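The values are calculated or read from the model by the stated rules, or taken from the named source; none is laboratory data. The structure presented is a predicted model; accordingly, all values stated were derived computationally and were not measured. Every residue, glycine as well, gets a Cβ built from its backbone with ideal geometry; the counts of neighbours run over all protein chains shown. Areas reflect the complete protein model, heavy atoms only, side chains present, ligands, DNA and RNA absent. Shrake-Rupley method; radii C 1.70, N 1.55, O 1.52, S 1.80 Å.
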Amino acid sequence: MIEFRARRITAGRARRTRASRSQCCPAPARFRVAAGRALAALAVLVFAACSPAGEAGAPASSGVTVVWGGGLFDGTGDDVVPNPGIVMAEGRFGAVDAVAASEAVAAGATVVEVGEGEVILPGLLDLHAHFHLDLLGEGRVDETTVYPALFLANGVTSTFPNGEASPQKMRALQERLRSGEQVGARLLRSGPYFGTARVGWDPDFTTEDIHRQVDALVEEGVAGLKAKTITAPHLEALIERAHHHGLSVTGHLGSGFRGLVNPRDAIHMGIDRIEHFMGGDAMPAERSAYDSFEEMTPDMPEFERIVQLYLDAGVNYDATMSAYGYSGGRDPDIFEPFADEMSYLTPYARELIEERLAAEPRRVSEQFERIYNVKQQLVKRFYDMGGGHLITMGTDHPSTGEFFSPFSVHRELALFVKSGIPEAAVLRFATINAATALRLEDDLGTIEAGKIADLVILEGDPLEDIRNTRNVRMVFKGGVAYDPVELLESSKGRIGPRGPEDLPDFAAVEVPPPGGE
């Protein structure tokens with residue numbers, strides 16, 4: 001079983017310092033090639049076996065695999081280079097080296113041939129990977145039946161749900177993925193929201209209540225925590241206890257309007273990542289964040305000041321660029337159909353949704369359309385000011401049945417590029433930047449010796465056309481190969497209720513906070 005190397009916070013905002021490896025996870029053993037023998041056997045040592053945030057996914061292959069040929073974007077640079085040969089064993093990359101790969105093949109390794117024009121890149125990480133569905137208009141529930149397989153089929157090898165609507169279901173899913181009972185992308189759990197976005201949230205929770213809830217989630221193996229519409233005392237308690245356990249905190253915050261925390265103030269508290277709104281003086285407390293955001297411009301001094309604060313504090317920004325387009329005008333450059341996403345609905349669910357769409361024509365949110373357009377300019381300016389290493393990729397699409405989150409990664413990547421950001425930088429948003437934001441950069445995010453063997457083989461070069469990320473030929477998660485066509489075909493007709501008897505399972509229910517409080 002593969003594990004992540006544990007990280008702990010030593011002091012202050014330690015996400016922005018290098019933490020030492022846990023004593024339970026020694027540095028991974030490397031492949032060693034016996035010198036002086038033309039056909040020397042590759043000595044494969046067992047890699048460290050500790051689990052990434054309690055999630056290992058399918059069991060790792062016990063043999064040695066070599067990925068030959070094609071181009072390689074390893075996540076460390078800006079270019080696609082000829083692939084020298086990638087050696088994988090025990091779920092990790094053993095070497096990215098022509099000599100080691102040749103020796104492994106000579107010793108009988110399994111060989112995966114990558115064709116001319118095909119490109120290998122690290123497995124993608126979606127840091128706002130909502131599993132949420134609201135097919136009935138009665139509140140959100142998490143889809144755990146086929147979403148994990150659909151994420152994997154789209155090249156997403158790790159997901160962070162960024163606030164769970166159905167924590168019990170997500171915990172059960174994590175156990176199924178961990179045991180290999182279910183196939184899918186690695187689940188790096190977030191647990192439920194901290195803040196009024198959580199059903200059943202009590203505004204009178206004490207600091208001790210927050211600490212107790214965080215402790216319970218740590219026991220469950222969450223990888224990070226999410227605040228949404230939270231007040232300052234609760235956020236301070238959340239950050240304090242999360243950092244005690246070595247976990248990061250991200251937040252969907254506001255302007256300060258009605259007592260909610262402005263991202264600027266959250267950064268001073270020590271928050272690690274911000275979702276959606278950058279905050280600052282351009283978002284005054286007298287009005288909502290949405291109302292201010294749609295009027296922001298990249299040349300505002302207030303905007304440049306908040307960006308500089310992110311840069312100085314090393315806080316990650318999860319832009320969720322495309323999220324507003326679903327409710328806006330649906331830019332044809334980004335929302336052009338490339339998959340029949342509704343084919344993954346059960347026939348009964350599809351009938352319900354098509355009836356609803358026919359009876360109630362979609363209303364375009366003019367505000368969200370303006371935010372969609374403004375955000376492209378603001379994120380590009382954030383990048384130009386030197387924030388490229390802090391931007392992460394998160395899709396943030398709670399589905400109502402027309403589009404599904406696992407396909408959203410391709411729209412999000414394409415929109416970054418449309419905004420003027422180079423393709424190589426955009427791919428790093430979804431790989432090494434995302435891994436670093438969750439403090440998992442020692443294990444994920446690049447194709448380098450010692451890291452967990454997550455990679456994607458694409459038909460086409462994403463540096464020439466970012467839309468080539470849609471063309472997934474093969475995915476490896478933890479050294480195990482998956483055929484995206486098989487994953488997609490096996491998922492069709494399975495999302496949503498199968499009939500009237502299933503409707504109660506797709507209506508939101510009140511969830512008690514962790515720890516039974």
Exercise. For the stretch 128-134, in order, what is each residue's ³J(HN,Hα) by Karplus, 6.51 cos²θ - 1.76 cosθ + 1.60 with θ = phi - 60°, in whole Hz (x at glycine and Pro)?
Worked result: 9, 8, 5, 8, 5, 10, 9
For this session: Grab the eigenvalues of the alpha-carbon gyration tensor for the stretch 189-336, scale each by 5, take roots, and send me the semi-axes largest first in whole angstrom.
Result: 27, 18, 15
For this session: Could you size up the charge dipole of the stretch 356-503 around its Cα centre, putting +1 on the beta carbon of Lys and Arg and -1 on that of Asp and Glu, and report it in debye to the nearest 20?
Result: 480 debye
Exercise. Rounded, prolate or oblate: which one fits the stretch 372-501, using the alpha carbon gyration tensor with axes a ≥ b ≥ c (rounded when a/c is under 1.5, else prolate when a/b beats b/c, else oblate)?
Worked result: oblate
For this session: Take the alpha-carbon centre of the stretch 153-191, take the same for the stretch 238-266, and report the distance between them in whole Å.
Result: 24 Å
Problem set entry | Magnitude of the charge dipole, the chain, Cβ model with Lys/Arg +1 and Asp/Glu -1, debye to 20 | 1360 debye
Exercise. With the dipole of the chain worked out from charges on the C-beta (+1 for Lys and Arg, -1 for Asp and Glu) around the Cα centre, which of MET278, PRO422, GLY108 lies farthest toward the positive end?
Worked result: GLY108
For this session: Determine the share of the chain's accessible area contributed by carbon and sulfur atoms, expressed in whole percent, with a 1.4 angstrom probe.
Result: 50 percent
Seminar exercise, completed: Of the residues SER292, ALA227, GLY259, the Cα lying farthest along the dipole of the stretch 205-324 towards its positive end, which is defined by charges on the beta carbon of Lys, Arg, Asp and Glu, belongs to ALA227
Problem set entry | GluC sites (Glu not before Pro) restricted to the stretch 292-336 and DSSP loop, no more than 14 other C-beta within 10 Å | GLU295
For this session: Measure out, as a whole number of angstrom, how far apart the alpha-carbon centroids of the stretch 336-379 and the stretch 418-442 sit.
Result: 26 Å
Problem set entry | Percent RCO, i.e. relative contact order, over the stretch 404-514, from Cα pairs under 8 Å lying at least 6 residues apart | 16 percent
For this session: Using amide H atoms built 1.01 Å from N in the peptide plane, name the residues 5+ places from VAL480, or on other chains, whose amide H lies under 5 Å from its own.
Result: SER61
For this session: Equivalent ellipsoid semi-axes for the stretch 136-181, as square roots of 5 times the alpha carbon gyration tensor eigenvalues: give them largest first, rounded to whole Å.
Result: 19, 14, 10
Problem set entry | trypsin sites (Lys or Arg not before Pro) restricted to the stretch 333-418 and DSSP loop, no more than 13 other C-beta within 10 Å | ARG362, ARG363
Seminar exercise, completed: Taking 0.36 nm per residue of separation between ASP78 and ASP505 and subtracting their Cα-Cα distance, the length gained on full extension comes to 149.1 nm
Exercise. Which entry is the computed P(r) over Cα pairs in 10 Å bins from 0, in percent for this structure: (1) 4, 17, 25, 25, 19, 8, 2, 0, 0; (2) 4, 19, 30, 28, 14, 4, 1, 0; (3) 4, 16, 24, 23, 19, 11, 3, 0, 0?
Worked result: (2)
For this session: Would you work out the relative contact order for the chain, in percent, from Cα pairs under 8 angstrom that are 6 or more residues apart?
Result: 21 percent
Exercise. If we sort 215-221, 316-322, 455-461 on the protection proxy, mean other Cβ atoms within 10 Å, highest first, what's the order?
Worked result: 316-322, 455-461, 215-221
Exercise. For the stretch 315-451, rounded, prolate or oblate, judged on the Cα gyration tensor with a ≥ b ≥ c (square roots of eigenvalues), a/c < 1.5 rounded, else prolate if a/b > b/c?
Worked result: oblate
Exercise. So what is the 222 nm mean residue ellipticity for the chain from helices alone, if each DSSP H run of at least 4 adds -39500 (n - 2.57) and you divide by all residues, rounding to the nearest 500 deg cm²/dmol?
Worked result: -8500 deg cm²/dmol
Exercise. Within the stretch 321-362, which GluC sites (Glu not before Pro) sit in a loop by DSSP and count at most 10 neighbouring Cβ atoms inside 10 Å?
Worked result: none
For this session: Just check the stretch 356-412 against the gyration tensor rule for me: Cα atoms, a ≥ b ≥ c as the square roots of the eigenvalues, rounded for a/c under 1.5, and otherwise prolate or oblate depending on whether a/b exceeds b/c.
Result: oblate
Problem set entry | For the stretch 102-261: relative contact order, % (alpha-carbon pairs under 8 angstrom, 6 or more apart) | 17 percent
Seminar exercise, completed: Taking N as the residue count of the stretch 398-443, its alpha carbon Rg divided by 2.2 N^0.38 Å gives 1.35
For this session: Pick out, from GLY329, ALA349, LEU311, the residue whose Cα sits farthest towards the positive end of the charge dipole of the stretch 306-350, with +1 on the Cβ of Lys and Arg and -1 on the Cβ of Asp and Glu.
Result: ALA349
Exercise. Using heavy-atom solvent-accessible surface (probe 1.4 Å) with all chains present, what is the largest-first order of LYS451, LYS228?
Worked result: LYS228, LYS451
Exercise. How much accessible area does VAL81 have with a 1.4 Å probe, in Å² rounded to the nearest 10?
Worked result: 70 Å²
For this session: Rounding to the nearest 20 debye, state how big the charge dipole of the stretch 207-320 is about its Cα centre with +1 on each Lys and Arg Cβ and -1 on each Asp and Glu Cβ.
Result: 160 debye
Exercise. Going through the DSSP H helices of the chain, which span 15 Å or more along their own axis at the Cα atoms while scoring at least -0.5 as a mean Kyte-Doolittle hydropathy?
Worked result: 232-244, 301-313, 347-359, 405-418
